[in-house]
1. Sort through B:ALA308, B:ALA256 and tell me the only one that's surrounded by fewer than 16 Cβ atoms within 10 Å (Cβ to Cβ), hydrophobic (A, V, I, L, M, F, W, C), under 25 Å from B:THR78 (Cα atoms) and touching a Gly at 6+ places or on another chain (Cβ under 7 Å).
2. Looking at A:ASP60, is it within 11 Å of chain B (Cβ to nearest Cβ) and open to solvent by 10 Å² or more (accessible area, probe 1.4 Å)?
3. Taking A:GLY327 and the conditions (1) open to solvent by less than 80 Å² (accessible area, probe 1.4 Å); (2) at pLDDT 95 or above, which numbered condition does it fall short on, given that it satisfies the others?
4. Quick check on this structure: which one of B:ALA293, B:ALA302 is more than 14 Å from every other protein chain (Cβ to nearest Cβ) and exposed (fewer than 14 other Cβ atoms within 10 Å of the Cβ)?
5. Taking the residues in region A:37-57 that are of a type in the set (A, V, I, L, M) and open to solvent by 10 Å² or more (accessible area, probe 1.4 Å) as candidates, determine which candidate is nearest to the chain's Cα centre (by Cα).
6. Sort out which residues of region A:103-155 are polar (S, T, N, Q) and either touching a helix residue (DSSP H, G or I) at 6+ places or on another chain (Cβ under 8 Å) or open to solvent by 40 Å² or more (accessible area, probe 1.4 Å) (or both), and write them in order of number.
7. Can you tell me which residues in region A:89-102 are more than 19 Å from A:VAL43 (Cα to Cα) and open to solvent by 20 Å² or more (accessible area, probe 1.4 Å)?
Amino acid sequence: MSETITEAPGTATDTAAPVLQMSMQQALNRALDEILADDPKTVIFGEDCGRLGGVFRITDGLQAKHGEERVFDTPLAESGILGMSVGLAMAGFHPIPEVQFDGFAYPAINQIICQIARMNYRSRGTLPMPITLRVPSFGGIRAPEHHGESLEALFAHVPGLKVVSPSNPHDAYHLLKYAATRPDPVIFMEPKSRYWQKGPVDVTSATPGTEASDGGSPTGARVVREGRHLTLVAWGAMVARCLQVAELAAEDGIDVEVLDLRWLKPIDAEALATSVGKTRRAVVVHEAPLTSGLGAEVAQLITQRCFDTLKAPVERVTGFDVPYPSGDLEDEYIPNIDRILFGIQRVLEYRRG
Amino acid sequence: MTTKHLLAAVDEDAAPLTHEQLRELYALMASVRHLDTAAVAWQRQGIIPGYAPQLGQEAAQVGSGYAVDRTMDFVFPTYREMGVARAMGVDMVGYMSTHKATWHGGMYNPLESRFAPIQAVVAGSVLHAVGWAHGQTLSGKPDGERGVAMTYFGDGASSQGDVHEAMNFAAVMKAPVVFFIQNNGWAISVPTERQVAGGSVAARAAGYGIPSLQVDGNDVVAVFEATRSAFAHCRAGHGPVVIEAMTYRRGPHSTADDPGRYRTLDEERLGAGEDPLERFRQRLLADGVADAAFFAEAQRRAEEEEEAIRSGIEALGPRPGAEMFSLVFQEPTPTLQSQATAWRKESEHV
């Protein structure tokens, strides 16, 4: 692999742990490399993921290292890629297919919804679908139409699918390794605008979720910033933006907690209850359109658990009910710092009656 | 279009069917004919809510299914492959449980029976066959131990894009797949000429560089031999094969269908041609392979079998509701578990 990894000092309490500085692209690449090494039944395939290493280079060098049978290019056909995954899973393999961009999951939607999501049920548990579908997701890179979409609500609504979206290199590494070893289909939504951002990755924590900061569960949410006045709930690329917002809000004396949901199905409702139970106010931030978005689900989970203590209705700051706009309008569409600050203001200034 | 010689070359040593095998084929067809006819009656009697008959397709289904090696091959059906299932020895109560509305996909074990779950998106499983077949290529198993996938679909399904993707993938990857098309003349109410451009489904194979053949789908021996050749071709590592069995769906598409709206009885008689079961009976008689006593016995066994299957499905109670929740995932989500708990609690009054 061509990645350059710089060794950084370990934490104060555990000097043995090699914490590496790497980008999310490098973290995902390393995770896939280790998955291939650990599990001979794993196969990675999709458009251009072999010799090219993927248009985002997530599979860079993997074909050269693990061979053309383990990592291979397919014809350009998303339904074919996902339909083929079903047959490979039935034959005992662990497919990690890739669709090149989120919008290209649409041509494969029949295979994802009618086949992958249902085969375990249809076959009464005899044909599990241990498929991890990697989907470069969300916007923020000024790409052409269909190259930036937020499909999490669509996938999360489908019985039989699980959905996860990492926000940083450490989680990207661990959540992918975890997802790829599960017996159920997982849609792995990679925030493409975060691929090149570097961060610390502790590669020695073999089981994600065992660290206290993970909330004790590999499918748990994570508090990425503690705060007292309200909780920002986000996932994927929006987590970094919410952290920026929290810093700005702090200048005005507003202490914002940021909860990275990580798993969008199942949603860690307990983490929501714990955080909002403490702050008593919540704003959900997502890139997807507002109507029937995942923000509504999160708001309901909070309402159900924290109704008595909430000081304001849960607010949502989201994309709009429009087709994902062209690059020039992207900054107007994706929740920006100002819109999130307005959302915070709405919950802080809410008065009953 | 027909490239049968390509296939014959790898199968020249195949022995002709023995008299015993011919009789077995007939007995299977008789069982399938009787069960199929009975299933329509069951629907009329309210024993099952619906059924997709395959009257007239017995030769295509039994002949092809008989060629499957159940120790290593795998079949990917749609919802009209009862005859294939029977020929492969699938548990028929489990098979019919789909039509009883007991469980989507059937109650048989697909891994043990080598027969994938029944499903209704007609071209959906064609790609699964390609994936499974490519898995055989990747398996590292020695020559002769790698299985072949056979995927069934019809002239109607051939209009779906997944069939193109599947044929293209299979040809590019040289996957050991037999694409078995039963061209029964009708996609519900739409005839083949309004469904299939390019003259035939088999003709399309040339565009992918896949050898193909059309076979008389009402001739069980011809179907068996074509399928056996195709399997030999795949097993030898030569990649996929397309077989188009020309047959005719004599009855309705499903028990909810009214063929009188789109074809007359005269057209049906004309289009259907010779009855594949009667035709095979005459052939076995003429060749001295079977006699009247054998046919009577085959019929008696078919009736006995049908009765056993009917009482089997009548005895099927509804599935425990908890299965609705427990079979979605291998690792259920907390949300689903809490839904199951709530369902249990709120159903206690029942």
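The values are calculated or read from the model by the stated rules, or taken from the named source; none is laboratory data. Because the structure is a prediction, the values reported are computed rather than measured. Don't worry about glycine lacking a Cβ; one is built from the backbone with ideal geometry, like all the others, and counts go over all protein chains shown. Surface areas here come from the heavy atoms of the whole protein model, side chains and all, with no ligands, DNA or RNA. Shrake-Rupley method; radii C 1.70, N 1.55, O 1.52, S 1.80 Å.
1. Working: B:ALA308 fails: touching a Gly at 6+ places or on another chain (Cβ under 7 Å).
Among B:ALA308, B:ALA256, only B:ALA256 is surrounded by fewer than 16 Cβ atoms within 10 Å (Cβ to Cβ), hydrophobic (A, V, I, L, M, F, W, C), under 25 Å from B:THR78 (Cα atoms) and touching a Gly at 6+ places or on another chain (Cβ under 7 Å).
2. Values: within 11 Å of chain B (Cβ to nearest Cβ): no; open to solvent by 10 Å² or more (accessible area, probe 1.4 Å): yes.
Spelling it out, it is not the case that A:ASP60 is within 11 Å of chain B (Cβ to nearest Cβ) and open to solvent by 10 Å² or more (accessible area, probe 1.4 Å).
3. (2)
4. Numbers: B:ALA302 fails: exposed (fewer than 14 other Cβ atoms within 10 Å of the Cβ).
Every option except B:ALA293 fails the conditions.
5. So the first thing to find is which residues in region A:37-57 are of a type in the set (A, V, I, L, M), and the list is A:37, A:43-44, A:52, A:55.
Of the ones still in play, those that are also open to solvent by 10 Å² or more (accessible area, probe 1.4 Å) are A:37, A:52, A:55.
On the way: A:ALA37: 24, A:LEU52: 24, A:VAL55: 19 Å.
Going through the qualifying residues, I end up with A:VAL55.
6. Step one: filter region A:103-155 for residues polar (S, T, N, Q), giving A:110-111, A:115, A:120, A:123, A:126, A:132, A:137, A:150.
A:ASN110, A:GLN111, A:GLN115, A:SER123, A:THR126, A:THR132, A:SER137, A:SER150 - these are the residues of region A:103-155 that are polar (S, T, N, Q) and either touching a helix residue (DSSP H, G or I) at 6+ places or on another chain (Cβ under 8 Å) or open to solvent by 40 Å² or more (accessible area, probe 1.4 Å) (or both).
7. Applying the first criterion (more than 19 Å from A:VAL43 (Cα to Cα)) to region A:89-102 yields A:101-102.
The answer is A:PHE101, and nothing else.
The rows are residues; the columns are (1) open to solvent by 10 Å² or more (accessible area, probe 1.4 Å); (2) modelled with pLDDT under 95; (3) under 28 Å from A:ALA172 (Cβ atoms); (4) under 19 Å from the mean Cα position of the chain (by Cα).
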residue: A:ASP260; (1), (2), (3), (4): no, no, yes, yes
residue: A:TRP263; (1), (2), (3), (4): no, no, yes, yes
residue: A:GLN345; (1), (2), (3), (4): yes, no, no, no
residue: A:GLY353; (1), (2), (3), (4): yes, yes, no, no
